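Take a look at the structure below.
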Amino acid sequence: PWMQKINDETNIPEAVAVARGTFATGLKMYANLPAHLIRALTEEAHRQGLLVWAHGMVFPAPPAQVIAAGPDVVSHTCYLAYQVSEKRPQTYQDRFPVDYAKFEGGDNPIMAGLFREMRQRGIILDATLRVYAEMDERAAGNPEAPPYHCNTDLAAKLTNQAFREGVMISTGTDGMTPREAPYSALHEELELLATKADMPPLQVIRSATLIGAMTIGKEEEMGTVEAGKLANLLVVEKNPLDDLGNLRSVVFTVKRGRRFDRADYRPIRPEEIPDDE
């Protein structure tokens, strides 16, 4: 019930209600849906008190139609680039590269209009630069493979344009963190937003805290240090405003008021991994 195929025969109020019964707090629109179903799902999910998250393009609906439906968050900056392509993929499974030529010579005016619409509607952009960096690495290792739909440089350029247009940016990674990694994949996303998308460090931290909380509808409970909110704190040795890499100089964290010293951290040992993994 938490993962459903939707078509014109679906009873949408019932589908949303059944998903709510799993204690879901948001609805994610993924892969392939026409524009009228995107709008219908968004309206019904909001009516039943759920947040709505969508890909920047839910094929074959172009990004402008996704934005017009009014989701709370859209993910993957480069999907939005399909808005200016004369030819767009009709399904998620048949994605092909965006038209890079449309983004030469400065800001694209069509994208500027799309970003202004997002700002006016309060729609958050979940940029996921890290996943594009992963794609670039895979492409470099296998030059004979079909090209991905976008690269890090364009994703970062468009994320920077969205930021300058006043769009709220969140710090999703669309990736996993290996058990042996000393810090989560989130740190890689933060650093890419600063170094590739040219966001100021303080704004990147805001994206990871307050806007991150807004993305999941928890801004009344967390995301800022305020009386009445959960005591979720990160204490670091070095100033992250000088270099976001300094967020890795953790002294201790506080989660819901409980302190965890970084000195006590150790990676999960192989013998502690369950057999079914």
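Restrict the check to segment 127-141 and report whether at least one residue is of a type outside the set (Asp, Glu), at pLDDT 95 or above, more than 15 Å from the chain's Cα centre (by Cα) and open to solvent by 50 Å² or more (accessible area, probe 1.4 Å).
Looking for residues that are of a type outside the set (Asp, Glu), at pLDDT 95 or above, more than 15 Å from the chain's Cα centre (by Cα) and open to solvent by 50 Å² or more (accessible area, probe 1.4 Å), one finds none in segment 127-141, hence no.
Restricting attention to segment 228-270, which residues are under 21 Å from Ile211 (Cβ atoms), of a type in the set (A, V, I, L, M, F, W, C), in a loop (DSSP other than H, G, I, E, B) and open to solvent by 50 Å² or more (accessible area, probe 1.4 Å)?
Hits for segment 228-270 are Leu230, Leu241.
Among the residues of segment 31-55, write down those that are in contact (Cβ under 8 Å) with a residue 40 or more places away in the chain and not aliphatic (A, V, I, L, M).
Asn32, Trp53, listed by residue number.
Pairs needed: first member in segment 133-153, without any contact (Cβ under 8 Å) to a residue 24 or more places away in the chain; second member anywhere, part of a helix (DSSP H, G or I) and of a type outside the set (D, E, K, R); C-beta distance under 6 Å; at least 6 residues apart or different chains.
Pairs found: Asp136/Thr152.
Hey, among Ser184, Ser207, which residue is at negative phi, outside any strand (DSSP E or B), in contact with a helix residue (DSSP H, G or I) (Cβ under 9 Å, 6 or more places away or on another chain) and without any contact (Cβ under 8 Å) to a residue 40 or more places away in the chain?
Ser207
Please specify each residue of segment 205-227 satisfying the condition of being within 21 Å of Phe260 (Cα to Cα), of a type outside the set (A, V, I, L, M) and open to solvent by 40 Å² or more (accessible area, probe 1.4 Å).
Listed by number, the residues that qualify are Thr209, Glu221, Thr224, Glu226.
Name the residues in segment 13-26 that are part of a helix (DSSP H, G or I), aliphatic (A, V, I, L, M) and surrounded by 15 or more Cβ atoms within 10 Å (Cβ to Cβ), would you?
Matches in segment 13-26: Ala15, Val16, Ala19.
Those residues that are among the acidic types (Asp, Glu) and touching a Ser or Thr at 6+ places or on another chain (Cβ under 6 Å), I need them from segment 144-188; list them, please.
Let us first name the residues in segment 144-188 that are among the acidic types (Asp, Glu), namely 144, 153, 165, 174, 180, 188.
Scanning segment 144-188 gives a single hit, Asp174.
If I filter segment 158-202 down to residues being hydroxyl-bearing (Ser, Thr, Tyr) and within 14 Å of the chain's Cα centre (by Cα), which single residue comes out as nearest to Ile273 (Cα to Cα)?
Per the stated criteria, the residue is Thr173.
Only one of these is modelled with pLDDT under 95 and under 18 Å from Ile67 (Cα atoms): Ser85, Ser170. Name it.
Criteria check complete, one pass: Ser85.
The values are calculated or read from the model by the stated rules, or taken from the named source; none is laboratory data. Treat the numbers as computed from the prediction; the structure is a model and nothing was measured. Counting neighbours? That spans all protein chains shown, and the Cβs are built from the backbone with ideal geometry, glycine included. Ligands, DNA and RNA are stripped out before the accessible areas are found, and what is left, the full protein with its side chains, is counted by its heavy atoms. Shrake-Rupley method; radii C 1.70, N 1.55, O 1.52, S 1.80 Å.
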